[in-house]
Amino acid sequence: MDLDVVFLGTSASMPTAQRAPAALLVRRGGERLLFDCAEGTQRQLQRSSIGLPELEEIFITHFHADHFLGLPGMLKTFALRGREETTLTVYGPAGLRDLFARLQPFVGRLPYPLALVELEAGETLDRGDYRLEAFSVDHGVPGLGYALVEDDRPGRFDVAAADALGVPSGPERGMLQRGEPVTLAGGRVVTPAEVLGDARSGRKLALTGDTAPSPRVVQAAYLADLLVHEATFSSEERERARETMHTTAAEAAEVARLAEVRMLALTHVSSRYFGPELAREAREIFPETVVPRDFDVVEVPFPERGPPRLVKSGARPEAAEPRPPAAETL
């Protein structure tokens, strides 16, 4: 099953000519999960090769305007497109319902069901073969990060072992692959352990939203395949980062090192930076660092198939204007 992260908005508080404010789209199989919805997010989707999907779930990290200001327009667009029956669920920290009460005069009445779910750190949303975990961040206001954690998968099926045990081709082998024992015609019971290799790890993503460096993020992101962490400033602005409860590129890299993640993607980039300077700073501590631009994609394969991979302009339509050259590879 494919899993990737589409970077729709990678700037800090305000948009620039090249970067929109915060928004990420996680695609897992046919699911589309939007994390944060800054000003212009629906246009970013429409400009991308994805288009604006009929989203069913949106996750807000906190209630600073550069993370939710695109919601009213997106909700109205869904209404104008004739959406009626499909529920849209918006998740966020405490205060979400109060926020929507304040937005009501701008949103008006919607023809489709809207569900608001306030989460606390430590809560888990069970999705069958994966779960979404809300975790604490340190930004001075109610805020959450989110981790997508897949269940471990059964080991590889050993066809030769199944043949030797007399397991016929058909439903019995499917049962064993699902972890269920099988009773053969002669009465022998074959257990999954006899025909399956060691369990294979699922994948893990950790998305922080805005935060100062935090041991709670290290814990939540431990052994993640991909950590998306804000890096609003370089180390030269360490004091400014501390005052505003943001993170420098070096500090985010240290979080990634301690969490032993496979790849670090830096986002929420201040307009004073282009990106390469933050990448250089972070790579001195954590070499597997990238600084995506808008419409870049990070693909996250199953661990046995290789590490995460940055696909530049992976969600940009071919007909779109070319990106200006970067000073170096991010």
Can you give me the angle between helix 96-107 and the longest principal axis of the chain, using Cα atoms only, in degrees from 0 to 90, rounded to the nearest 10?
60
The range 132-144 - phi-based ³J(HN,Hα) in whole Hz, Karplus 6.51/-1.76/1.60, Gly and Pro as x:
10, 10, 8, 9, 6, 10, 10, 10, x, 9, x, x, 9
In the chain, taking the dipole from +1 charges on Lys and Arg beta carbons and -1 charges on Asp and Glu beta carbons about the Cα centre, the listed residue (Ser49, Thr244, Gly202) farthest towards the positive end is Ser49
Calculate how steeply helix 249-259 sits against the longest principal axis of the alpha-carbon atoms of the chain, using the helix alpha-carbon long axis, and give the answer as 0 to 90 degrees to the nearest 10.
20
Space enclosed by the convex hull of the alpha-carbon atoms of the chain, per residue, Å³:
163
Charge dipole (the chain, unit charges on Cβ, about Cα centre) - positive-most of Tyr222, Tyr273, Gly70
Gly70
What residue among Ala38, Ala134, Ala160 shows peak mean-square fluctuation when the chain is described by a Gaussian network model with Cα springs under 10 Å?
Ala160
Would you mind getting the accessible area per residue of the chain, heavy atoms of the protein chains only, 1.4 Å probe, in Å²?
46
The range 228-327: trypsin sites (Lys or Arg not before Pro) falling in loop per DSSP and having at most 15 other Cβ within 10 Å:
Arg272, Lys312
What relative contact order, as a whole-number percentage, does the chain give when Cα pairs under 8 Å and 6 or more residues apart are counted?
16
Counting only protein heavy atoms, what percent of the accessible surface of the chain is carbon or sulfur at a 1.4 Å probe?
51
Calculate the FRET efficiency for Glu260 and Ala101 from the Cβ-Cβ distance with a Förster distance of 30 Å, rounded to the nearest 0.05.
0.10
Antiparallel DSSP beta bridges within the chain, percent to nearest 5
60
Which trypsin sites (Lys or Arg not before Pro) in the range 85-114 sit in a loop by DSSP (not H, G, I, E or B) and have at most 14 other Cβ atoms within 10 Å of their own Cβ?
Arg109
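The values are calculated or read from the model by the stated rules, or taken from the named source; none is laboratory data. Because the structure is predicted, anything quoted here is derived from the model rather than measured. Positions of Cβ are backbone-derived with ideal geometry, glycine not excepted, and every protein chain shown enters the neighbour counts. Keep in mind that these areas ignore ligands, DNA and RNA; they rest on the heavy atoms of the full protein, side chains included. Shrake-Rupley method; radii C 1.70, N 1.55, O 1.52, S 1.80 Å.
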